[in-house]
C-alpha cells in the first residue's frame, strides 16, 4: 500500500509539473535585452526575521526571488507574492494589473532601500511606508524597487501535509495531496460573485481527516465557477489569519487534478417531505436522510429563537426545527432547501429537531410563485390535542386573550380561548419588556414543545392582534386592524379612519436612500398588505422598524393613484422593534400590473433588465422581464446620478403608483445584476464593507458608500477624536476613521459615508475604515436611536468578531477591578467576565463605578483583545 500511494503521489506531482511547464502564454513575452546588474545580498528569511508589529525600515538589502502569485485572477488584490529558497513574502502595491509587469514565474530583484518589513498579524509583508494605514508601494514608483528578470522560471511547490505546515511556509507555494472539498462546498461556487463576497471552503485531507480553509475572493474572475467534486491535489499559497490557516489558489488550474474518487462520497440528498423526515424519528436519536424544502416561519431578528435555530414549514403541511452549527441569517418568508442527510434527528426538551447541522447545508432558493405559509386557524384545545403533529407549524387562535403576567417576557403568560389555555413563551425576545395587551383578538404563533408541555411562540408583536392596551397595540384602548382592513376603508373617495384605530407593520421604505419624501413611510405586514403613511413632518423611522401607527380619524385618500394615510401626527407612530425583515414576493411584471392590491408591498422581479436611461435618476427608466415593462422611478434619490447597470438579474422594490404603477427601489443594493454600471454612489451594507477585509489591508472599491446610525458619543470623549462607530439597524457595525477630528457628527445621527478608495484594515484587532475625508460623511437626520442587542458576556465573547462595533446590553452585571471608570475594569455576569475600557480623557473617567447589579449598554470593541466601551454613565443603570 505504501508503494502504491507513493507512486500515485509522484504521478500527481509529475502531472502538476508538466501542467506548469506546458502552460503557454497568450502573448509573447517581451525580450529581455540585458539582465539587471544586481546580485542578492540577503534572503527572504533574513528579512522576515526583522519583522515587527511596527514597520521596520530596511537598508541596502537586495532580494532575488520568483513571483509565485499575482493579481491576474483577482484572488490576490494589489499584491504579488515572491519566494526564494528560504521562504516567501507578499509585497503590497497600490496598483492594478501588476501581473503585466510581474507575472507568475518571473524572476525579480527587490531593492529594499526605502521599503519596510512589517508583521501584519500572522504574516509578514514588504510595504512602502511606516504608516500601516497607507502602506502600499505607490503605483508611480514600485518599478524602482522591483526589477524584473527572466520569465517562465520553474515553480515547484513543496509537497506538504497539514501536520507539516508551519509559519515558515507562509507565502510559499505548497502542494497537498489526497485532498477534497468538504461535502458542503464540493460543486458549489468558489465565492459569491453576485455580492462580490469571499467564501471560506473547507478542504479535507483524507489521510488524517484534518481540514484547512481555502479562501476565494468574490472579486476573483472565477468566483462563479464550480469547485471540483473529486479527490486530488491542490497547489496554493499558504497563509494565516488570526491564527487560522488558509490556502489561496491562483486560479482553478491549481485544483485541476481533483478529479479522482473521493474518500468520503458525496451524500445522495433525495427530496423528502418534512412529514416524511419527522417520520424517520422513532423515539431515539437517529441519522436523518434526504433534503427538505420549506418556508421559514421563525423570526431570527426578534430574539424569540436562538441564533442557530430556524423553523421551516411546508405550505399546508408539516414543519420542523433545524439547529445549525452557527448563527444563520435566514428571514421569515425565505424559501430554503436544507440537506439534512447524515445529521442527527432527535428531541430536545420534547421538541423534535435536526441538530448541529452544518450551516452550509442550507440554501435560500428563489420562491416559486411566491409561496407563503397561511397559519392554520385552530382553538387552544386543537393545539394541545395535536401538538406532536402540528409542532413547528404556524397557527392562529381567534377570540383569544392573554393573561397571567404583566409583560411578554414574564413567566406564566397564558393564551386563552373558550376551549382552554396554553403557555405563550417570550422570555428572551427583544420585546420581552413590552406590556401585555388587554382585551380579545387573534394571535398567530409557532407551536413549540417543552418538557413542561406545549407552548406558543409569537414571532414579533404584529402577531398579536388584540383590542386593548399593551404590546399588542400600544397606546390606550386602540383597536388594531389589519393593513388590508385599513385599505378597505377607502371606497373611491377620501374618508377617515374610525376612532381608536391603529395599524402595525414593518417599514419597507428606506429614508436613507432618499427615494421617498421625508414625510412618507411605507409599512407592510408579514405576508400581508402594505400602505403608505404620510406624516405631518419628516420622520426618523428606519427600514426594518416594526411600526405602530394610531390612524384614528386620519384621512385615507389617494394621491396621484397611491393610497395613503395622510397628515398623521408624528407622535401617533411608535417603533416597537427594529431589524425586522419582510421577504419580497417573487413576481413577474405582468403579475404586478395585474394585482393593484400589491401596492405598497415588497416584490422581487427576476431575470430582469433596466433600460430607458443612463442613470437611476433619469426619467423613463424601465424595468423589464419576459412578461412586460414597468416604470422604475428614482429621480430624487441620493443615488440618482449612479449609472444604470447593464446585464440582467433580479430587482427588489416597493410597488408604487403615480398615475400609473411603478417600482421604487430602496437603494442600489436592491439591484442584483450581472453586468457593468454603477456610478457615483453604490450603497453596500456595512456587513458587505466588513467582508471586503480578508486578512490584510485593502481598499474599498470606487463609487461605494455605506449608511447607518452613529452609536458612539464624541461629546463624552470615550472614543478617539477622529473616529466614530456606525451601525446599521439590526445589522453590522464598523469604525470610521476620518482624516481630521470629528466635531460635527453626533450619536444618533443617521449618516451616509462615501468610502470610495478608503483603507479597510485592522488596528490592534479592530476593523476600521480609515483615511475618510470628513466631507465624505453626510448627515441625513438626527436623534435616531439604535436598539442594543440583549446578550450575555458569553454571547459577546462567542460572537465578538461578528458583533464588533455594534451595541449590546448586558443585564444582571457587576463592575469590579477599580473604583472609577478610568482604564480597564471587569464586567461580570452569570456566564463570564470581560474587560470594559474607558479612556482617561473621557468626561466621566473619574466618576465612581456603579455598585451592585446593573445593566450595561456598550459598544463591542477590541484592542489586542475583546472589550466593551460605554459611551457615558447613562449606559450603566
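Readers should treat all values here as calculations from the given coordinates under stated rules, not as data from a laboratory. Just so we're clear, the structure is a prediction, and the values are computed from it rather than from any experiment. Here Cβ is always computed from backbone atoms with ideal geometry, including for glycine, and neighbour counts include all displayed protein chains.
A few points about this structure:
- For the chain: relative contact order, % (alpha-carbon pairs under 8 angstrom, 6 or more apart): 5 percent
- Global dimensions of segment 536-602 from alpha-carbon coordinates: Rg and Dmax equal 14.4, 39 Å.
- Counting every C-alpha pair in segment 321-446, the share spaced more than 27 angstrom apart comes to 31%.
- Here the Debye sum runs over all C-alpha atoms of segment 250-369 as equal scatterers in vacuum, and log10 of I(q)/I(0) at q = 0.15, 0.19, 0.21 Å⁻¹ comes out as -0.69, -1.00, -1.17.
- Coarse-grained scattering of segment 412-567 at q = 0.10, 0.18, 0.19 Å⁻¹, given as base-10 log I(q)/I(0) from a Debye sum over alpha-carbon atoms: -0.40, -1.09, -1.18
- Segments 791-798, 69-76 sorted - mean Cβ within 10 Å per residue, highest first: 69-76, 791-798
- With R₀ set to 56 Å, the beta-carbon distance separating residue 819 from residue 606 gives a calculated FRET efficiency near 0.35.
- Estimated [θ] at 222 nm from DSSP helical runs (n ≥ 4, -39500 (n - 2.57)) normalised by residues in the chain, nearest 500: -2000 deg cm²/dmol
- Shape analysis of segment 97-209 yields a ratio of the Cα radius of gyration to the Kirkwood radius, Rg/Rh, of 1.03.
- Restricting the calculation to Cα atoms, every distinct pair contributes to the Kirkwood radius of segment 305-393, found to be 14.1 Å.
- Three-way shape label, segment 803-852, alpha-carbon gyration tensor, a/c 1.5: oblate
- Judged by the mean number of other Cβ atoms found within 10 Å, the most tightly packed of the peptides 103-112, 664-673, 147-156, 485-494 leads the ranking 664-673, 103-112, 147-156, 485-494.
- Rg to Rh quotient for segment 761-808, alpha carbon positions, Kirkwood Rh: 1.07
- Taken over segment 228-274, the percentage of Cα pairs per 10 Å bin, counting from 0 up to the bin with the maximum distance, is 23, 32, 29, 14, 2.
- For segment 603-654, alpha-carbon Rg and Dmax in angstrom: 10.3, 30
- When both segment 625-650 and segment 778-797 are represented by their alpha-carbon centers, they are found 33 Å apart.
- Potential lengthening between residue 794 and residue 721 on full extension [0.36 nm per residue; Cα-Cα distance subtracted]: 23.2 nm
- With all projection directions averaged, the alpha carbon convex hull of segment 733-877 covers 8.7 nm².
- Of the peptides 270-277, 416-423, 647-654, the ranking by mean beta-carbon count within 10 Å, highest at the top, reads 647-654, 416-423, 270-277.
- Both radii are taken from the alpha-carbon atoms of the chain; with Rh as the Kirkwood radius, Rg/Rh is 0.98.
- Nearest 10 degrees, 0 to 90: helix 2-22 Cα axis against the chain principal axis: 80 degrees
- Segment 157-251: radius of gyration and largest Cα-Cα distance (Dmax), Å: 12.6, 37
- Relative frequency of Cα-Cα separations exceeding 12 Å in segment 369-413, percent: 70 percent
- Cα-based equivalent ellipsoid of segment 519-558: semi-axis lengths in Å, sorted from largest, via gyration tensor: 16, 14, 9
- Over segment 503-622, all Cα pairs binned in 10 Å intervals from 0 give whole-percent P(r) values of 13, 41, 35, 12, 1, listed from short to long.
- Neighbour-count ranking [beta-carbon atoms within 10 angstrom, fewest first] of 555, 698: 555, 698
- At 0.692 mPa s and 37 °C, Stokes D of segment 690-791 from Kirkwood alpha-carbon radius, µm² per second: 239 µm²/s
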